[in-house]
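Please read the structure below before turning to the comments.
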Amino acid sequence: MTDLWWKSAVVYQIYPRSFADADGDGMGDLRGIIDHLDHLSGLGVDVIWLSPIYPSPQDDNGYDISDYQNIEPVFGTLEIFDELLAGVHARGMKLIMDLVVNHSSDEHPWFLESRSSKDNPKRDWYWWQPAREGLEPGTPGAEPTNWGSVFGGSAWELDEKTGEYYLHLFSKKQPDLNWENPEVRSAVYEMMNWWLDRGIDGFRMDVINMISKVVPLPDGRLTAGSLYGDGSAGFINGPRLHEYLQEMHREVFAGRDAMLTVGEMPGVTVDEAKLFTDPERHEVDMVFQFDHVWADRGEDPWLLMPLQLTNLKAIFNRWQAGLAEVGWNSLYWNNHDQPRAVSRYGDDSAEYRVASAKMLGTVLHLHRGTPYIYQGEELGMTNYPFRAIDEFRDIEALGQYAQAVEQEGRTPEEVLTVLRARGRDNARTPMQWNASAHAGFTTGTPWLAVNPNYPEVNAEAAQADPDSVYHYYRKLADLRHTEPAVVDGDFTMLLPNHEQLYAYTRRLVNTELLVIGNFSGSEVHADLEDDWSGAELVLSNVATPPDGWTLAPWQAVVYRRSLG
């Protein structure tokens with residue numbers, strides 16, 4: 001795998017509506033991204049991943065696409081996109097797009113045709129089914145299966161015109177495409193080739209392991225207190241998924257150089273990921289798994305669980321060992337669907353925000369795999385202090401709140417406590433560029449409120465401070481680019497039962513790296529079996545190196561030694 005360029009790359013995710021607004025309408029846009037490309041190249045980024053910028057009714061912030069081959073007017077035009085792409089390439093970076101083809105918008109022409117009549121040629125481009133036998137459409141329990149939507153409520157929506165239900169695993173405005181139909185697959189591949197021919201460098205594939213369903217669609221498992229069944233066994237890693245991905249590779253990626261494909265796969269296991277990412281199978285280059293960002297979740301979704309570090313280490317160790325010989329890991333703490341890692345797994349207080357942000361970056365980036373930075377992570381941005389449900393904009397948060405409070409009898413404060421900590425809007429507050437009004441994101445009214453800590457936490461201040469999170473992340477990128485052990489070295493977890501220290505080594509031939517992170521606000525002694533006393537200190541996130549291997553609160557260190 002030594003010829004795979006993305007092994008040594010650093011990827012940066014942009015959520016366009018929250019990145020930078022150049023025209024003052026309160027919404028980020030492509031011109032705003034162009035204006036800040038030097039911020040990314042200065043960070044050492046190799047690849048930019050854009051969340052959806054296609055035309056969309058914006059029911060799910062662009063993940064409901066009504067035209068796969070154009071640009072949402074709020075963001076710009078195809079001509080501006082071409083300018084952006086040229087600017088990215090001119091700086092030696094690559095650009096990948098979000099591919100959202102498990103579902104489309106209900107305003108996409110394909111679906112408008114599909115719902116127009118039962119005998120329309122595109123009827124079976126989506127999942128249509130009649131009511132359960134013996135039940136009238138629209139009556140309780142008449143839905144074809146008992147599946148619940150990810151966003152709350154049923155996964156089925158009755159269409160009054162034809163009297164049948166369509167499947168939507170997410171919003172009712174996001175009907176699922178029927179990949180069993182070869183015409184659907186052909187249309188998707190044609191669209192993907194159109195973008196690649198335009199010059200983009202690959203795709204991040206949204207919930208791509210949901211495109212194959214079990215036929216006929218089965219009822220899901222019901223648990224106590226649940227209104228709807230868990231249908232995941234019917235749509236997670238379905239029976240034809242490998243077939244579809246291999247067909248996609250043949251029809252889209254075969255013969256193209258320097259492409260990057262990453263599949264978002266909720267619920268994927270290590271053994272399954274080996275198959276998906278084995279280069280010999282020609283499916284995807286890497287997957288996004290969710291185990292480590294579910295490490296602080298229990299059976300009750302409305303109960304916050306403290307992080308157990310030994311559990312987090314066991315998860316990472318399982319993935320590092322499982323893909324050691326075949327396949328590849330993607331490494332991330334943050335994205336548009338996750339709360340800010342500094343608030344979640346670190347300490348976002350004024351005293352320790354910077355140190356814990358650097359520590360989290362150190363521990364993550366030096367694993368074996370390709371690291372992903374989410375916008376603002378390089379600044380140590382934090383969760384927003386939401387006070388009430390009307391401050392949220394995310395369809396998932398609003399839908400889950402309504403179901404929990406109105407149907408399940410949860411108290412508003414019980415639900416809000418969890419949404420404040422885990423809600424996706426935490427990641428979607430505008431990027432904090434400077435200390436001016438609205439953090440320099442817009443001259444208008446931002447679509448989502450700016451975090452009030454922006455006067456202290458912003459890009460302008462970070463770039464001026466050589467000890468900032470931004471400059472530290474640049475050092476992490478430089479280390480990945482220059483130290484082969486970071487890319488190709490073996491991984492060995494140390495101190496697996498320690499509840500405060502995260503420690504491991506990376507070894508390649510005669511070079512060995514030691515990485516230690518203190519996940520606590522207390523001084524902790526690292527009791528290592530090997531003697532690293534003569535090793536070179538490569539990185540430390542605090543000014544003073546460890547005293548006799550006693551790490552300061554939230555300290556991270558990286559040592560390097562030669563083995564002869």
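The values are calculated or read from the model by the stated rules, or taken from the named source; none is laboratory data. In this text the structure is predicted, and so the values were computed from the model without any measurement. Quick reminder, even Gly has a Cβ in these numbers, built from the backbone with ideal geometry, and neighbours come from all protein chains shown.
Against the definition (surrounded by fewer than 15 Cβ atoms within 10 Å (Cβ to Cβ), in the same structural domain as Pro371 (by TED's automatic domain parsing) and in a loop (DSSP other than H, G, I, E, B)), how does Asp271 come out, yes or no?
For Asp271, the condition - surrounded by fewer than 15 Cβ atoms within 10 Å (Cβ to Cβ), in the same structural domain as Pro371 (by TED's automatic domain parsing) and in a loop (DSSP other than H, G, I, E, B) - is not met.
Has region 451-470 got at least one residue that is closer than 30 Å to Gly327 by Cα and hydrophobic (A, V, I, L, M, F, W, C)?
No, every residue in region 451-470 fails to be closer than 30 Å to Gly327 by Cα and hydrophobic (A, V, I, L, M, F, W, C).
Every residue, every condition in (1) under 17 Å from Ile200 (Cα atoms); (2) at pLDDT 95 or above; (3) out of contact with any Leu (no Cβ under 9 Å at 6 or more places or on another chain), yes or no:
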| position | (1), (2), (3) |
| --- | --- |
| Met1 | no, no, yes |
| Ala9 | yes, yes, no |
| Tyr12 | yes, yes, no |
| Phe19 | no, yes, yes |
| Asp23 | no, yes, yes |
| Asp29 | no, yes, yes |
| Leu43 | no, yes, yes |
| Val47 | yes, yes, no |
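Pick from region 333-355 the residues that are touching a helix residue (DSSP H, G or I) at 6+ places or on another chain (Cβ under 8 Å) and either assigned to a helix (DSSP H, G or I) or among the hydrophobic types (A, V, I, L, M, F, W, C) (or both): which of them is surrounded by the most Cβ atoms within 10 Å (Cβ to Cβ)?
Among those residues, the one meeting the criterion is Val342.
So Lys118 clears everything in (1) in a loop (DSSP other than H, G, I, E, B); (2) in contact with a strand residue (DSSP E or B) (Cβ under 8 Å, 6 or more places away or on another chain); (3) under 19 Å from Ser56 (Cα atoms) except one condition, right? Which one?
Only one criterion is unmet by Lys118, namely (3).
Exactly one condition in (1) under 30 Å from Ser540 (Cα atoms); (2) touching a Ser or Thr at 6+ places or on another chain (Cβ under 7 Å); (3) part of a loop (DSSP other than H, G, I, E, B) is false for Asp467; which is it?
It fails just one condition, (2).
Looking at the structure I just gave you, is Thr382 β-branched (Val, Ile, Thr) and in contact with a strand residue (DSSP E or B) (Cβ under 9 Å, 6 or more places away or on another chain)?
No.
Restricting the search to region 163-190, which residues are assigned by TED's automatic domain parsing to the domain that holds Pro144 and of a type in the set (Gly, Ala, Ser)?
Those that are assigned by TED's automatic domain parsing to the domain that holds Pro144 and of a type in the set (Gly, Ala, Ser): Gly163, Ser171.
Would you confirm, using the coordinates I've provided, whether Glu408 is more than 30 Å from Leu514 (Cα to Cα) and without any contact (Cβ under 8 Å) to a residue 40 or more places away in the chain?
No.
For a quick check of your reading: which helices (runs of 4 or more DSSP H) sit entirely within region 370-457 and have at least 1 residues that are of a type in the set (A, V, I, L, M, F, W, C) and over 30 Å from Trp319 (Cβ atoms)?
By residue number, 395-402, 412-422.
Any idea how many residues of region 466-512 are of a type outside the set (Asp, Glu), under 20 Å from Lys313 (Cα atoms) and in contact with a strand residue (DSSP E or B) (Cβ under 7 Å, 6 or more places away or on another chain)?
So the answer is 15.
How many residues does region 270-320 hold that are within 17 Å of Leu245 (Cα to Cα) and β-branched (Val, Ile, Thr)?
So the count comes out to 3.
Identify, please: which residue in region 305-321 is out of contact with any Gly (no Cβ under 9 Å at 6 or more places or on another chain) and hydrophobic (A, V, I, L, M, F, W, C) and is, among those, modelled with the lowest pLDDT?
Leu307
Between a first residue in region 69-93 that is outside the structural domain of Asp197 (by TED's automatic domain parsing) and a second residue that is at pLDDT 95 or above and of a type in the set (D, E, K, R), which pairs have beta carbons less than 9 Å apart while being 6 or more apart in sequence or on different chains?
Within 9 Å, no pair qualifies.
List pairs: first in region 263-285 and of a type in the set (S, T, N, Q), second not in a loop (DSSP other than H, G, I, E, B), Cβ under 9 Å, 6+ apart or cross-chain?
Thr269/Asp291; Thr269/Gly322; Thr277/Gly263; Thr277/Met286; Thr277/Val287; Thr277/Asn329
Which residues, taken from region 470-506, are part of a strand (DSSP E or B) and surrounded by fewer than 16 Cβ atoms within 10 Å (Cβ to Cβ)?
Within region 470-506, Asp490, Thr492 meet the criteria.
How many residues does region 316-344 contain that are under 16 Å from the mean Cα position of the chain (by Cα) and among the hydroxyl-bearing types (Ser, Thr, Tyr)?
Residues meeting the conditions: 2.
List pairs: first in region 231-246 and touching a residue at least 60 places away in the same chain (Cβ under 8 Å), second not β-branched (Val, Ile, Thr) and not in a loop (DSSP other than H, G, I, E, B), Cβ under 7 Å, 6+ apart or cross-chain?
Short answer, once both residue conditions are applied: Gly231/Trp147; Phe235/Met210; Tyr244/Arg185.
Return yes when Asp394 is closer than 26 Å to Gly444 by Cβ, buried (at least 18 other Cβ atoms within 10 Å of the Cβ) and charged (D, E, K, R) and no when it is not.
yes
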